[in-house]
Amino acid sequence: MTPRIYVCTTNPGKLADFALGLAGISLAPLPGLRQIQPPEENGETFEENAASKALYYSRYSEQSVLADDSGIVVKSLDGAPGVYSARYSGEGATDGSNNALLLTNLAGREDRSAGYVCVLSVAQSGRLLHTVEGSVGGWIVDSPRGTGGFGYDPLFFFAPLNRTFAELTPEERLSVSHRGNALRQLARLLKNE
């Protein structure tokens, strides 16, 4: 029987990646997700945040739920934005404002190496079932390039394909990305259940 998992995100980019990366596994947004007060994200690691979100949302369904925490880690910024990636530029942060702040903070720095990290956690009825992590290395370009993707994708350059993540098709990006890596691991676990 194909697993049914409720996904706990309203981010359309993540939803598209989940559907593509977990093809063959029945997914649906958690019913009423927009009406549920989101949990506070106060973990110090992506894993802590993903697990706490999955456990929190598992109280709202008898089905398994999938939550994630992901972001970009920049070496010369001591790992920032890290777990604060989505809210890097403060309250009301947007992809544009986060990207602009990252470029400002990297001005004049030679080391622009960075990595994307994605942690996925699956929980059911208050019990953590799976947690997987994917990552990918690259560096931050001087100005946004490309119109695809979301988040920091216009700035994240992936040398093996000689393009930013925003210049890749969704399929290309998922084949090499942090989220794609984590989704492939999760898909294997779910299909072996």
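The values are calculated or read from the model by the stated rules, or taken from the named source; none is laboratory data. These numbers come from a predicted model, not from an experiment. Neighbour counts are summed over all protein chains in view; Cβ atoms, including those assigned to glycine, are modelled from backbone coordinates with ideal geometry. Just the protein is used for accessible areas: all its heavy atoms, side chains included, with ligands, DNA and RNA removed. Shrake-Rupley method; radii C 1.70, N 1.55, O 1.52, S 1.80 Å.
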Open item on the list: Along each principal axis of its Cα atoms, how long is region 70-193 end to end? Whole angstroms, biggest number first, please.
Closed with: 49, 32, 23
Open item on the list: In region 119-151, whose amide N lies under 13 Å from the spot 7 Å out along Cα-to-Cβ of GLU171? List them in ranges.
Closed with: none
Task: Share of carbon and sulfur in the accessible heavy-atom surface of region 118-174 [1.4 Å probe, %] - done: 50
TODO: Please list ARG4, ARG188 in order of solvent-accessible area, largest first, computed with a 1.4 Å probe with all protein chains present.
DONE: ARG188, ARG4
- [ ] Round to the nearest 0.05 the FRET efficiency obtained for GLN63 and THR94 when R0 = 35 Å and r is the Cβ-Cβ distance.
- [x] 0.65
Task: For the chain, calculated [θ]222 nm from helices alone, where every DSSP H run of n ≥ 4 adds -39500 (n - 2.57) - done: -8500 deg cm²/dmol
Open item on the list: For region 30-142, compute Rg over Rh where Rg is the Cα radius of gyration and Rh is the Kirkwood radius from the inverse mean 1/r over Cα pairs.
Closed with: 1.04
Task: Accessible area in square angstrom per residue, region 1-123, 1.4 angstrom probe - done: 50
Open item on the list: Considering only protein heavy atoms and a probe of 1.4 Å, how much of the accessible area of region 46-89 is carbon and sulfur, as a whole percent?
Closed with: 49
Open item on the list: With a 1.4 Å probe and all protein chains kept in place, how much accessible area does LEU174 have, in Å² rounded to the nearest 10?
Closed with: 10
TODO: Go ahead and set up a Gaussian network model of the chain, Cα springs under 10 Å, then flag whichever of ASN99, ASN181, ASN42 fluctuates most.
DONE: ASN42
